[in-house]
Amino acid sequence: MAPPTSFALALLRLDGVGRVTAHRILRHFPTHAALLNTPREQVLIRLKGVAKADALVARLFDEEAMAPVFDAVRTALQIHAGRHVRVWTPAAEGWPAGLDQLPRAERPVTLYSYGTSALLAEPTVSILGRAGLSSVAFETAQALVRHLIGAGVPVVAGAADGFDVVMHKLCYTQRHPSVMVAASGLAKLTTSIRPHASAIVGANGLVCAPFDMHHGPFPHDDRERALTQAALGTAVVVVEPQSDASDGARAPEDKALAWALDAGRPVFAIAGPDTGALSERVHRLDRPVDFDWVVAATRTNDAPPAAGDTPPLPAR
């Protein structure tokens, strides 16, 4: 029978099965064998409300009809393996647990990665920002990354020119691992980003994406990239956020900050002149002395005891 990864990928190839439906099926039936070993009536009950559930369940129980789907998935996985690309799905061993905290409608069904996969199990700091930052905030973000390099903490950043490239370049020039999260399939990385992706992998880092290899790029996928990036970090740092309220968020980074707060992640912000009101749960990084709190948060998964003024640092 097909392993969990093959089943998840096969589901995404079926008409009418999107992310939400795939997650619903996988929550009850992590493998095709688990589904086939369940009475059809019980499967239908668990999929109540899914559009055209009768036809979908009939297709899933038709092993002859599903065979070519699994054959196509098997071929694709062999090609990916030959290119050293690993494909992760929710029930597969090594699936990053942080992704399971995302709402099912926002949670990826797949994660494609190239490089040092073990980084996804390590404590990391996700740094989210974009072009157009104030010079003070940009310099503070770079100082934070240098501090994280010195502390041996891997950095998770995006895959856009400008801010993201600088964050990664600081890492790979010091042979320090970072994780690049793309807003498209890995095969669709832009020409300008490819050399940096190669340098990241060469420094024992990882390049990953929550999209099929040849997906995109599409502007609307940047929100999923930001949420995935935040979910992969033990602690989350947003540079010059505009809002931490989900109803007022105006950029993917703001959405990621709002989610991280709701999920109970340690959340930090490098504020700027246009930063709006921030929740007291967001710890501001105004001085280099504050950076130790970010390192501590990755090791304890706890936020600082108070936001605003930095409390006394713990003894070293």
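Some points to look at:
- On Cα atoms only, tilt of 63-82 relative to the major axis of the chain in degrees: 40
- The H on the amide N of residue 238, modeled in the peptide plane, is under 5 Å from the matching H of 128, 268, 269, 270, each at least 5 residues off or on a different chain.
- Considering all different alpha carbon pairs of the stretch 188-247, the Kirkwood hydrodynamic radius works out to 13.7 Å.
- Surface share of carbon and sulfur [accessible, 1.4 angstrom probe, percent] for the chain: 52
- Taking every DSSP helix (H) stretch of at least 4 residues in the chain, weighting each as -39,500 (n - 2.57) and dividing the sum by the residue count yields a mean residue ellipticity at 222 nm of -12000 deg cm²/dmol.
- Counted charge near residue 90, where neighbours are those whose Cβ lies closer than 9 Å (Asp, Glu -1; Lys, Arg +1): +1
- Highest-first arrangement of 200-213, 114-127, where packing means the average Cβ count within 10 Å: 200-213, 114-127
- Put a plus charge on the Cβ of each Lys and Arg, a minus charge on the Cβ of each Asp and Glu, and nothing anywhere else: the dipole of the stretch 8-101 about its Cα centre is then about 300 debye.
- Scaled against 2.2 N^0.38 Å for its residue count N, the alpha carbon radius of gyration of the chain is 1.05.
- For the stretch 8-65 and the stretch 155-215, distance of Cα centres in Å: 35
- For the stretch 154-303, dividing the convex hull volume of the Cα atoms by the residue count gives 115 Å³ per residue.
- Size-normalised alpha-carbon gyration radius of the stretch 101-140, reference 2.2 N^0.38 Å: 1.69
- Translational D in µm²/s for the stretch 1-145 (Stokes-Einstein at 37 °C, 0.692 mPa s, Kirkwood Rh from C-alpha pairs): 188
- Calculated over the stretch 25-93, the projected area of the Cα convex hull averaged across directions stands at 5.3 nm².
- Geometric extent, Cα atoms of the stretch 79-223 - Rg, Dmax (angstrom): 14.7, 45
- With Cα atoms, 0 to 90° folded angle of helix 252-262 axis to the chain main axis: 90
- 3J(HN,Hα) couplings calculated from phi for the stretch 187-197 with the Karplus curve 6.51 cos²θ - 1.76 cosθ + 1.60 (θ = phi - 60°) are, in sequence order, 6, 10, 4, 5, 4, 6, 8, 4, x, 5, 4 Hz; Gly and Pro show x.
- Each residue of the stretch 212-219 was assigned a 3J(HN,Hα) from its phi angle through the Karplus expression (A = 6.51, B = -1.76, C = 1.60, θ = phi - 60°), giving 4, 3, 9, 7, x, x, 10, x Hz with x at Gly and Pro.
- Once the 1.4 Å probe is applied to the protein heavy atoms, the chain comes out at 45 Å² accessible per residue.
- For the chain, the longest principal axis of the C-alpha atoms and the axis of helix 163-172 are separated by about 90°.
- Coordinate range of the alpha-carbon atoms in the stretch 150-227 per principal axis, descending: 35, 23, 20 Å.
The values are calculated or read from the model by the stated rules, or taken from the named source; none is laboratory data. Computed from a prediction, not measured in an experiment: that's the story for all the values here. Neighbour counts are summed over all protein chains in view; Cβ atoms, including those assigned to glycine, are modelled from backbone coordinates with ideal geometry. Ligands, DNA and RNA are excluded from the accessible area calculation, which covers all protein heavy atoms including side chains. Shrake-Rupley method; radii C 1.70, N 1.55, O 1.52, S 1.80 Å.
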